[in-house]
Every structure is written in structure tokens, then in C-alpha cells.
Amino acid sequence: MIVATPIYKAAYSGLLKAFLDLLPQDALRGKTVLPLATGGSLAHLLALDYALKPVLAALGARDILDGVFATDAQLAPLPGGAYVPDDALLARLERALEPVAARCSA
């Protein structure tokens, strides 16, 4: 499962909080979760570890993968509203997903 959020004031978004609050206590029991976040600067990088990961663990996530944080500078805008991640961000995403790929190929 992928959980993605913008970081605002060093925390995950209110919309994500509202969604997570609606889930039952064990909604993520046994699930593998990849937390993703975007923010304006690297100053909010640790929000994944101290704000989001504890909530995912409390919901029973079995395996919380290393989170991936991206700044807006790492996402180049395209016409039409889409974004393209830079090569460094793509490499971090691939590394974060390696445990999932290993399980799928086993």
C-alpha cells in the first residue's frame, strides 16, 4: 500500500488524517506500506519518521518501508498538470521498493 501526503507545518495533511481517523484500529494489519511525502524544503524530511510512521504502525502495518520524501524542486511540471520526478528521486523510489520486488520474485 502507498500512503502519500504533502507535508504542511511538519506534519502530514489534514485530509490524510481525516481518512486515517476513519479506519478501524487494525485496518493495515499485515500490510506493507510505503510512505511518500512532498514538501517545499528538506526541513520537513523527518515528518515521515516522527509523524506518519507511528500512525501507520498504530494501524497495524506489518512492514513500513523506508519513506521517500521529495521537494518540489525534484518534480518538474509538465503542461497539463503532470509532474516528472528527477533521476535522484526515481533512484530513491526504486531502492524503497526493492523489498517488495524481492518478495514478488521469491
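Each reported figure results from applying straightforward, stated rules to the coordinates on display, with no laboratory input. Remember, predicted model here, so these are calculated numbers, not experimental data. Please note: Cβ atoms are built from the backbone with ideal geometry, for glycine as well, and neighbour counts cover all protein chains shown.
Descriptive notes on the structure:
- Only beta bridges with both residues in the chain are counted; by DSSP, about 35 percent of them are antiparallel.
- Highest mobility in the GNM of the chain, judged by mean-square fluctuation with C-alpha springs under 10 Å and restricted to Ala43, Ala82, Ala27, is found for Ala82.
- Spacing of the modelled spin labels on Thr32 and Asp87, each 7 Å from Cα toward Cβ, amounts to 2.8 nm.
- When the alpha-carbon atoms of region 1-59 are used, the pair Rg, Dmax equals 11.2, 33 angstrom.
- Added length on full extension, which subtracts the Cα-Cα distance from 0.36 nm per residue, Ala10 to Leu42: 10.5 nm
- Space enclosed by the convex hull of the alpha-carbon atoms of the chain, per residue, Å³: 114
- Sequence-distant lysines (8 or more away, or on other chains) whose Cα lies within less than 18 Å of Lys17: Lys9, Lys53
- Summing charges over neighbours of Lys31, with a neighbour being any other residue whose Cβ is under 15 Å away from its Cβ, gives +2 when K and R count +1 and D and E count -1.
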